[in-house]
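Working notes for the structure below.
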2 protein chains.
Amino acid sequence: MTKGPRPQAPVSCPIGRAVGLLGERWTLLILRNANLGTTRFDAFRAELGIADNILSSRLARMVEAGLLTRVPYRGSGRTRHEYRLTTAGAEVLPVLHALAVWGQEHTESPEPAAPMRVIHQQCGQVTTPGRVCDHCGEPVRREEEAWVRPWLSSEPTVLASPVRTGS
Amino acid sequence: MTKGPRPQAPVSCPIGRAVGLLGERWTLLILRNANLGTTRFDAFRAELGIADNILSSRLARMVEAGLLTRVPYRGSGRTRHEYRLTTAGAEVLPVLHALAVWGQEHTESPEPAAPMRVIHQQCGQVTTPGRVCDHCGEPVRREEEAWVRPWLSSEPTVLASPVRTGS
DNA sequence: GGCTAAACTTGCTCAACGCAAGCCAGCGAA
DNA sequence: TTCGCTGGCTTGCGTTGAGCAAGTTTAGCC
């Protein structure tokens, strides 16, 4: 237990509590990739370049915090586990949107061109990351949202769906 | 210089870059309080309970990153410095909004009742933190936005204005 | 001339991070 | 059968960062 506001300190401010859970060193980046469909240990490691002991402890803490769930799957006969988004993890999306907008506006990209874009698949148009489509004015539902990250690929990536937590 | 994505690593993803600048241990909390009007070293220390060597280095880094500016002021004759928001610092507000919403939804408050609220002063009504007022539908401009944090006071706090950075 | 306050700075300790290497279970190939 | 490989961790060790406490500087004030 740290003294800083890190692991779920009982602070009154919801921002403080959110920062306590989400503000650790890799958590938001793991959630970004999980929202883009990454589920497996190897994939997180390869995409993020994070050391595996740290990834391991981070994933465990995120499962404990209810941001991810560990679900078994069968990878060629052998039973393994993958990390799927919970609704709490999926609902970090507005935070990621806000960070993306701020990052585009206030930080310098190493590559000159090709910023990240969000596509509202229902109308097929580019929109700024947010709740409502700039183009058609409709609310952007998560199943209709795709991200284009030109530095990786020109293909859009549809957001991953959270696992259905019974209730 | 760390190896993680911490201090302005030249990453392609705007979220990664934003997390690199904003994701350090106290940065978002300092920005929260700066957006609520805190400007002085002492006040940050008292409000956040942060150690002063860390506050000192954090403020210096934030000034260097362009989130805050150090401006001289005269406190009863003596010239001192205060830390004022730049526009880059002020525009972290949507991130804080998103964190506040997520925190209210997905974390447990130590006190039972009294969640944080946002008031749109133009119509005088409570709204969820965001770009548009839930009540009147108008965009909430920052000068019209006030936060009520009942665990501190029942008085609303109007958001601080950033310093005018020439052009 | 001594006191006080604001804003740091310095020194020490411990937790967190990063790297590298090792481990383990099961499959497929030799 | 043993060998190697692959995915997911765990262990050990060194480095960076955070927390605490105490000291320092600057200038107004009595």
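FYI, it's all coordinate maths here, none of it is from the lab. Computed from a prediction, not measured in an experiment: that's the story for all the values here. Using ideal geometry, Cβ is built from the backbone for each residue, glycine included, and neighbour counts are taken over all protein chains shown.
Of interest is the spacing of the C-alpha centroids, which for the range A:98-167 and the range A:35-75 amounts to 22 Å. For chain B, the relative contact order comes to 18 percent (Cα pairs under 8 Å, sequence separation of at least 6). Remark: the range A:151-164, residue by residue, has Karplus-estimated 3J(HN,Hα) of 6, 9, 6, 8, 7, x, 10, 6, 5, 6, 8, x, 6, 6 Hz, where x stands for each Gly or Pro and the curve is 6.51 cos²θ - 1.76 cosθ + 1.60 at θ = phi - 60°.
Taking each residue as 0.36 nm, the span from B:Arg142 to B:Tyr73 lengthens on full extension beyond its C-alpha to C-alpha distance by 22.4 nm. The calculated 222 nm mean residue ellipticity attributable to helices in chain A amounts to -10000 deg cm²/dmol, summing -39500 (n - 2.57) over DSSP H runs of n ≥ 4 and dividing by all residues. Over the range B:14-89, Cα pairs under 8 Å with separation of 6+ residues give a relative contact order of 26 percent. Across the identical copies, the 7 Å label point of A:Gly137, projected outward along Cα→Cβ, sits 1.0 nm from its counterparts, in ascending order.
Backbone amide hydrogens, once placed in the peptide plane, bring B:Glu82 within less than 5 Å of B:Val71, B:Tyr73, excluding anything fewer than 5 places away on its chain. Measuring nothing but how far apart in sequence close Cα pairs (under 8 Å, 6+ apart) lie, relative to its length, the range B:92-158 scores a relative contact order of 27 percent. Counting from the shortest, the label point at A:Glu64, 7 Å from Cα toward Cβ, is 3.3 nm from the same position in each remaining copy. Once backbone amide H atoms are built at 1.01 Å from N, A:Leu68 has A:Val63, A:Thr86 as its partners under 5 Å, excluding neighbours fewer than 5 places away on the same chain. Derived scalar couplings between HN and Hα for the range A:89-96 equal x, 5, 7, 6, 3, x, 5, 5 Hz in order, rounded to whole Hz, by the Karplus curve 6.51 cos²θ - 1.76 cosθ + 1.60 (θ = phi - 60°), x for Gly and Pro. With its label point put 7 Å out from Cα toward Cβ, A:Thr157 sits 3.6 nm from the same residue's point in the other copies, in order from shortest. Between A:Arg61 and B:Gln121, the simple label model (points 7 Å from Cα in the Cβ direction) yields a spacing of 3.8 nm. Projecting the Cα atoms of B:Leu21, A:Leu28, B:Ser57 onto the charge dipole of the protein assembly as shown (Cβ charges, centred on the Cα centre) puts B:Ser57 farthest toward the positive pole.
Between B:Glu82 and B:Val132, the modelled labels are 3.6 nm apart [label points 7 Å from Cα along Cα→Cβ]. Put a plus charge on the Cβ of each Lys and Arg, a minus charge on the Cβ of each Asp and Glu, and nothing anywhere else: the dipole of the protein assembly as shown about its Cα centre is then about 1020 debye. Of all beta-carbon atoms in chain B, the one sitting closest to the axis that brings chain B onto chain A gives B:Ala98, 2, with the distance in whole angstrom.
Can you give the local net charge around A:Thr27? Use residues other than it whose beta-carbon is closer than 9 angstrom to its beta-carbon, Lys and Arg +1, Asp and Glu -1.
Around A:Thr27, the charge tally is +2.
Sparsely packed loop sites in the range A:131-167 (the trypsin sites (Lys or Arg not before Pro) outside DSSP H, G, I, E and B with at most 16 other Cβ atoms within 10 Å) comprise A:Arg131, A:Arg141, A:Arg164. Amide H to amide H, with H built 1.01 Å from N, B:Val132 comes under 5 Å of B:Val140, counting only residues 5 or more places away or on other chains.
Using the Cβ-Cβ distance between B:Arg164 and B:Ala46 with R0 set to 35 Å, the FRET efficiency from 1/(1 + (r/R0)^6) comes to roughly 0.80.
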